[in-house]
Amino acid sequence: MKLKRNLEVALIKASTGREIPGGNGHDSPRFDFGYNGDALDTIVSAANRYNPDILVASEFMFYDGKRILTEDEKNHIESRIASEVQNKDMLVIPGTIMWHNPKEGGLVKNTCPVITGGKVIAEYMKASSGGCEGIAKKHGLSYARGSEQGTIFPWKGIKIGLEICVDHGHGMLKKQGKQVDMHIVSASGISHYYDMDCSKDNGYFILCDGFDGHSNVILQRKGAEDFEPIEPAEELSGIAIYRLEVENDCI
């Protein structure tokens, strides 16, 4: 028997990476990181003020264009989100963190943690460049790529798939050959690729994008190539809130 559940999904609206004229493509762009304010405070305050079931932010949410964070700083960000988000059942995908461990020889990683229940339950490491090699080089570092497959994890009986930006265009999650209830992409300049969409029938594709005006999108699959746009229930200055009905066998 199919069970249904209503969920509120909140997408952060923040310009986290915009291409400057003179760049020559997404593999070697010149980026203007226009995000203003403290990303960590934005995530925690949005979670506690709006209390959605799921909160998603975009790629480069924690990169200001000036420096790459250390692994200790990355761990601090994750720990604060885990401890300060009051609703421990909330699923928080806070965008990506570019970080490095100085002891590893200057390898920069671009990762997106998945936080719920007061802890990190999963993490996805970007497998393609999508501008990351150029960013690492700017800081005298080298870019380390993740494995070429998306991350799939369960949350409250819902199967969720996660990718970062251009990895979606390369079908990293698709390589697992599985369908999910929600296919989430944290991005800074990518569109929906229907042939790389891993959502099941009546499932959802969720794109939180900080590139050039934060083009956030939620689509519900109605057929093999048929996707219905979902409009926000509330559109606020820094966040858009969507109300979704999720159908699942085991919620």
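The values are calculated or read from the model by the stated rules, or taken from the named source; none is laboratory data. None of the values given here were measured: they were computed from a predicted structure. FYI the Cβ positions are ideal-geometry reconstructions off the backbone, even for glycines, and counts take in every protein chain you see.
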Check the stretch 176-183 and report whether any residue there is over 22 Å from Tyr242 (Cβ atoms) and surrounded by 24 or more Cβ atoms within 10 Å (Cβ to Cβ). no
Applying the selection to the stretch 188-210, what residues are in contact with a Ser or Thr (Cβ under 6 Å, 6 or more places away or on another chain) and not in a loop (DSSP other than H, G, I, E, B)? Phe205, Cys208, Asp209
When the stretch 27-37 is examined, which residues are found to be surrounded by fewer than 19 Cβ atoms within 10 Å (Cβ to Cβ) and either modelled with pLDDT of 80 or more or part of a loop (DSSP other than H, G, I, E, B) (or both)? Asp27, Ser28, Arg30, Phe33, Gly34, Asn36, Gly37
Counting only residues that are within 15 Å of the chain's Cα centre (by Cα), surrounded by 14 or more Cβ atoms within 10 Å (Cβ to Cβ) and not hydroxyl-bearing (Ser, Thr, Tyr), give me the strands (runs of 3 or more DSSP E) lying completely in the stretch 38-111 with at least 3 of them. 54-56, 91-93
Go through the stretch 115-135 and give me each residue that's part of a strand (DSSP E or B) and buried (at least 21 other Cβ atoms within 10 Å of the Cβ). Ile115, Thr116, Tyr124
Only one residue in Ser215, Ser186 is within 20 Å of Pro154 (Cα to Cα), among the small types (Gly, Ala, Ser) and within 14 Å of the chain's Cα centre (by Cα). Which one? Ser186
